[in-house]
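Below: one structure, written as structure tokens.
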Amino acid sequence: EGDAFARLLQLGGTVETITEKTGLSVPTVKRRLALASLAPEVKKAFRSDLFNRGIAEALTLGSREQQRSVLESLQSEEPPDADEIRDIFLGQKPTLAMAIFPREHYQGTLTTDLFADEETTYFDDVDQFLSLQSEAVNAMAEERRKTAAWVEVVHLYTVPGWRFARRERTS
């Protein structure tokens, strides 16, 4: 179904046209289109029931190269689940809601998780996000300095979390 929707778009159709013809909602059509955009070998593996719909949905968040890489890991002894795949693709990306700068200042691409409980959008260019965020914080600090006794901008850095398992001792 998603492939048929994609062909309609290529022929000049719109999401709205598809919703009118099918009776499906805009979010449903967008989700089906997202699944149609999977890398060909990933789509083939999904159709062969190598993995479930939840994993296919999570894979839509990555580039085709990233999808292919995860596809290989899905065939391992301990394949990642859908949440782990989402974390692989989005874990280090800031969300649109985090930005204190005007959205139109950001010139990079965004990734939207169409399958999340609530639509969530992420900045793909983390460095650009951090630069714009820093500019906005500094501008806010300068504005506050006009009326406050003191203003201090604190830069905090966090230590990445590591996962590990204890090795069983063999005597």
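For region 55-157, the mean projected area of the C-alpha convex hull, equal to one quarter of the hull surface, is 8.6 nm². Ordered by solvent-accessible area of protein heavy atoms (1.4 Å probe), largest first, the residues K93, K21 come out as K21, K93. What the Cβ-Cβ distance of R64 and E152 gives, at R0 = 41 Å and to the nearest 0.05, is a FRET efficiency of 0.35.
Accessible surface computed residue by residue for the chain, with neighbouring protein chains in place and a 1.4 Å probe, gives 73 Å² per residue. Note on region 1-111: Cα-Cα pairs beyond 20 Å make up 51% of the total pair count.
Taking label positions 7 Å along the Cα-Cβ direction at both D127 and A139, the computed distance is 2.2 nm, reported to one decimal. Of all lysines in the structure, those lying under 30 Å Cα to Cα from K21, and not within fewer than 8 positions of it along the same chain, are K30, K43, K44. Estimated at 0.36 nm per residue, the fully extended path between L110 and L74 surpasses their Cα-Cα distance by 10.4 nm. Largest first and in whole Å, the equivalent-ellipsoid semi-axes of region 56-107 read 29, 11, 7, each the square root of five times a Cα gyration tensor eigenvalue.
Proximity of backbone amide H atoms, modeled 1.01 Å from N, is registered between T112 and Y122 at under 5 Å, excluding neighbours fewer than 5 places apart on the same chain.
Here the chain has 49 percent of its accessible surface on carbon and sulfur atoms, given a 1.4 Å probe and all protein chains in place. Summarising the label geometry, the points placed 7 Å from Cα in the beta-carbon direction at R47 and S25 lie 2.8 nm from one another.
Can you show me the helix-derived [θ] at 222 nm for the chain, built from DSSP H runs with n ≥ 4 at -39,500 (n - 2.57) apiece and divided by the number of residues, rounded to the nearest 500. Value at 222 nm, helices only: -14000 deg cm²/dmol.
The values are calculated or read from the model by the stated rules, or taken from the named source; none is laboratory data. Worth saying up front: this structure is predicted, and the values here are computed from it rather than measured. For neighbour counting, all protein chains shown are included, and Cβ atoms are generated from backbone atoms with ideal geometry for every residue, glycine included. Accessible surface is based on the protein model in full, side chains and every heavy atom, while ligands, DNA and RNA are left aside. Shrake-Rupley method; radii C 1.70, N 1.55, O 1.52, S 1.80 Å.
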